[in-house]
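All remarks here apply to the structure that follows.
The values are calculated or read from the model by the stated rules, or taken from the named source; none is laboratory data. This is a predicted model, so every value here is computed, not measured. Cβ: placed from backbone, ideal geometry, glycine included. Neighbour counts: every protein chain shown.
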C-alpha cells in the first residue's frame, strides 16, 4: 500500500459507447429577423430535473462541419481530466460570409453582418440557452477561419460575454486586417475578467492569414487579466489544423484542472523543534502554499514535491487554473500536542495480532456496541483478511490492541476505509475518514517513542467498493514514501 492508492476503476477493456446526437432546437431572432437552428449536446451524465449546472461551449459554423470534431475532442479531454462536463451548443449558420464578417467588402456579397450576429448571440442565444438548458453562465466561444476572426472580434467588443475565446486559424487578413487594427486600439483598455484566449495558426501561413500580426499585438498590448496563448502548427492544412488546435485550445482554457489535490501526511501531531516532511504527489507547476492558514495567492511560495516544516503549521495548498472557479484548495493542520507516554513493557500483552470484533448491521454512523454481541471475534494474525469476513458490506469491525514502536521519531499512518471510520493511536483520534472514490487514502503524522501504544480502529463498512487498509512509514523508511503493513510481530492483543 502506498500513500496514494491507484484507482483502476476507469481502466476498461471494452466499452459500448452511446453517441449523443444532441437535441435540435430553434429560436426566433428579432435582431436577425430569422428563425435560427441550434443543436444542443448536454453531458451524457445529465439527468433532466437535476440541479447540476455546466459550462457551455458555443461552436460557430455548427452542424456537420465542426460538431462531430468538437464533441469527440471534448469527450476525450473530459475523460482524461483536462476539461469538465460541458454543454456544447452547435450554432447553425445560414450565411457565414454575412454573419461572421464585421465589415462589408464589395467582393464578398452580403458581408458585414458580424455586429448584428454578435448582438444575436449576446441578447438572444445565450439567454435562451441559460433559460432552457442547465447552463452555469460560464461560456466559451469557438470558431475557425472566418469564425476564428469573429471570435477575436467578439473578444474585442464583448470581452466579458465569454470566459474563454478559442480562434482556430483565424482570417485576420479580412478587410486589410480590420480586427488586428481594432486590437491595437482596444486591447490596452480591454476589461477582461480572468479571460482566456487561445489562437491556433499554421506556421506556413502566418503571413497570408495575417495571424502573425495579432501575435505581435498581443505581446505588446494584452491586458494583465487576459491569459492568452498563440500556438503554431507545421504541415497542417487550413482544415486539419482544427484537430490539434481544438485539442490544445480547450485544454489550455482549463489548464490546471485537477480532480483532487493530495499531500501526505494530511495532518497530525508534531514536535516544536523537530522538522517533518510533507510529500505532494500531484503536478505542482501551478500550485502554491502557505503555512499560516491564509489562502495562497500566485505570489505565495511555489509548491514542491517535498516540503520541510518545523513546528505547528496550518498548511494550505492551492492549484490555480485558467478558470478560477476550478481552483482547488486543501488544508492540513499540524499541532504540537503532547502524546501520551507508551507502555515500557509487553507484560500482560500477547504478540501476534490485534483483537478484532465483527458486528453485522446497517448503520450510517459508528454504532454504540454496548449490548451488541459480535458475530465473530479473533486476532489480526497473518491469516486475517477483511475479504474473508462473512459480509461484503453493512458491518462494523472494531480492531484494538497495542502497537510496538522500535525506534523514536515520526511515524506516518495511512488509512483506507469507509465513511464514519476512525483511527486512534495512544487514545488520540488521528484520522476520521470521510473520503470518496477520488480520496481514498487518509494519513497523519505522529511522534512516537520506543514502547507500546494503544491502537484502535473503528471500521464501518457500507460500500462494497471500499476496503479497509492500514499501513505506516517508520522513521527509517520515511524517505522511501512506500508504506508497509504493520508487521504481525509488532501487533499485540490482550492475553
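The rows are residues; the columns are (1) assigned to a loop (DSSP other than H, G, I, E, B); (2) farther than 19 Å from residue 433 by Cβ.
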residue	(1), (2)
350	no, yes
358	no, no
362	yes, no
373	yes, yes
377	no, yes
387	no, no
396	no, no
402	no, yes
- prompt: Does residue 415 qualify as being crowded, with 19+ Cβ neighbours inside 10 Å, within 12 Å of residue 457 (Cα to Cα) and free of Cβ contacts under 8 Å to residues at least 60 places away in the same chain?
  reply: yes
message: Anything in region 273-303 that is modelled with pLDDT under 95, out of contact with any strand residue (DSSP E or B) (no Cβ under 6 Å at 6 or more places or on another chain) and within 25 Å of residue 415 (Cα to Cα)? List them, or say none.
response: 281, 282, 283, 284
- prompt: Within the bounds of region 269-277, is there any residue that is assigned by TED's automatic domain parsing to the domain that holds residue 330 and touching a helix residue (DSSP H, G or I) at 6+ places or on another chain (Cβ under 8 Å)?
  reply: yes
message: Quick check on my filter: what residues within region 241-254 are in contact with a strand residue (DSSP E or B) (Cβ under 9 Å, 6 or more places away or on another chain) and more than 23 Å from residue 327 (Cα to Cα)?
response: 241, 242, 244, 245
- prompt: Would you call residue 257 within 22 Å of residue 321 (Cα to Cα), assigned to a loop (DSSP other than H, G, I, E, B), touching a helix residue (DSSP H, G or I) at 6+ places or on another chain (Cβ under 7 Å) and in contact (Cβ under 8 Å) with a residue 60 or more places away in the chain?
  reply: yes
- prompt: Can residue 126 be described as within 28 Å of residue 222 (Cβ to Cβ), surrounded by 24 or more Cβ atoms within 10 Å (Cβ to Cβ) and at pLDDT 95 or above?
  reply: no
Qualifying positions in region 79-100 - surrounded by fewer than 21 Cβ atoms within 10 Å (Cβ to Cβ) and closer than 17 Å to residue 135 by Cβ: 84, 85
field: Members of region 108-118 that are closer than 20 Å to residue 195 by Cβ and touching a residue at least 60 places away in the same chain (Cβ under 8 Å)
entry: none
query: Could you say whether any residue in region 450-467 is within 25 Å of the chain's Cα centre (by Cα), closer than 28 Å to residue 313 by Cα and crowded, with 17+ Cβ neighbours inside 10 Å?
result: no
- line: residue 112 vs (1) over 24 Å from residue 74 (Cα atoms); (2) in contact with a strand residue (DSSP E or B) (Cβ under 8 Å, 6 or more places away or on another chain); (3) assigned to a helix (DSSP H, G or I): all pass except (3)
- prompt: Out of all the residues in region 243-254, which are surrounded by 23 or more Cβ atoms within 10 Å (Cβ to Cβ) and touching a helix residue (DSSP H, G or I) at 6+ places or on another chain (Cβ under 6 Å)?
  reply: 246, 250
field: Selected residue (criterion: nearest to the chain's Cα centre (by Cα)) from residues of region 438-449 that are more than 21 Å from residue 421 (Cα to Cα) and buried (at least 17 other Cβ atoms within 10 Å of the Cβ)
entry: 447
field: Long-range neighbours under 7 Å by Cβ, at least six apart or interchain, first residue more than 26 Å from residue 253 (Cα to Cα) within region 83-104, second in a strand (DSSP E or B)
entry: 94/34; 97/108
message: Being under 11 Å from the mean Cα position of the chain (by Cα) and either part of a strand (DSSP E or B) or within 14 Å of residue 275 (Cα to Cα) (or both) is the filter here; which residues of region 306-328 pass it?
response: 319, 328
